[in-house]
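The structure appears right after this line, and notes come after that.
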């Protein structure tokens, strides 16, 4: 009888303790899907090719894109990751070259000759655009912002892509949200452009791709 009494008392205490706790579901956390710090100059995941008109090259832990011609563009995306749909892309970048009229940035949902581009310019503008073999459309046109740091300083670019919605950030500050349904999936990469001035470009580093959670 004493043993049964002890067991009943123990169960009673456990029941009382159980009533003191509430189950809290774990909050989903973003997962790192891909990262690149360009510390390996021999990687095959990124194009390295240069000629008289410019090119791409890994040097000193950064990925450099350069153009020596005016009114030109050069983009590249990684072969190490593809079929990305909803995700966050973040990268650091800084202007290179002497061109006063040029732009550079990150591309996403890239495949074949299709991509979205989030670019900033040397004179403090940004644009989000979609490129296909038949068209290159700005969504919307270039917009002035004080969130872009001047030449010689590092900027951080970020895009959160959810379906047809793209939220843009510069240096951790929200800029705008763009809607477009042209492209649904693809890889990530970079772009450099020159306009009226030759010799423009940028370096890129600390590329990260994250899953999104609501």
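The values are calculated or read from the model by the stated rules, or taken from the named source; none is laboratory data. Keep in mind that what you see is a predicted model, and the values were worked out from it rather than measured. All Cβ positions, glycine included, derive from the backbone under ideal geometry; neighbour counts span all protein chains shown.
A compact table of results
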| item | result |
| --- | --- |
| Some residue of the stretch 102-115 being buried (at least 20 other Cβ atoms within 10 Å of the Cβ), under 17 Å from the mean Cα position of the chain (by Cα), in contact (Cβ under 8 Å) with a residue 12 or more places away in the chain and part of a loop (DSSP other than H, G, I, E, B) | no |
| Residue match in the stretch 126-147 (condition: in a loop (DSSP other than H, G, I, E, B), at pLDDT 95 or above, under 17 Å from residue 200 (Cβ atoms) and touching a strand residue (DSSP E or B) at 6+ places or on another chain (Cβ under 8 Å)) | yes |
| Residues of the stretch 176-214 that turn out to be outside any strand (DSSP E or B) and within 17 Å of residue 108 (Cα to Cα), as a count | 8 |
| Qualifying residue in the stretch 164-176 (condition: surrounded by 19 or more Cβ atoms within 10 Å (Cβ to Cβ) and on the phi > 0 side of the Ramachandran plot) | no |
| Those residues of the stretch 87-101 which are more than 19 Å from residue 178 (Cβ to Cβ) and not in a loop (DSSP other than H, G, I, E, B), in sequence order | 92, 93, 94, 95, 96, 97 |
| Residue list for the stretch 57-101, filter: touching a strand residue (DSSP E or B) at 6+ places or on another chain (Cβ under 6 Å), surrounded by fewer than 19 Cβ atoms within 10 Å (Cβ to Cβ) and farther than 29 Å from residue 162 by Cα | 57, 68, 70, 72 |
| Enumeration of residues in the stretch 148-162 that are surrounded by 11 or more Cβ atoms within 10 Å (Cβ to Cβ), in contact (Cβ under 8 Å) with a residue 40 or more places away in the chain and in contact with a strand residue (DSSP E or B) (Cβ under 7 Å, 6 or more places away or on another chain) | 151, 154, 155, 156, 157, 158, 159, 160, 161 |
| Check on residue 188, under 16 Å from residue 83 (Cα atoms) and surrounded by 21 or more Cβ atoms within 10 Å (Cβ to Cβ) | yes |
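To keep it simple, each residue is scored yes or no on (1) modelled with pLDDT under 50; (2) surrounded by 10 or more Cβ atoms within 10 Å (Cβ to Cβ).
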{"site": "16", "(1), (2)": "yes, no"}
{"site": "20", "(1), (2)": "no, no"}
{"site": "24", "(1), (2)": "no, no"}
{"site": "37", "(1), (2)": "no, yes"}
{"site": "51", "(1), (2)": "no, no"}
{"site": "54", "(1), (2)": "no, yes"}
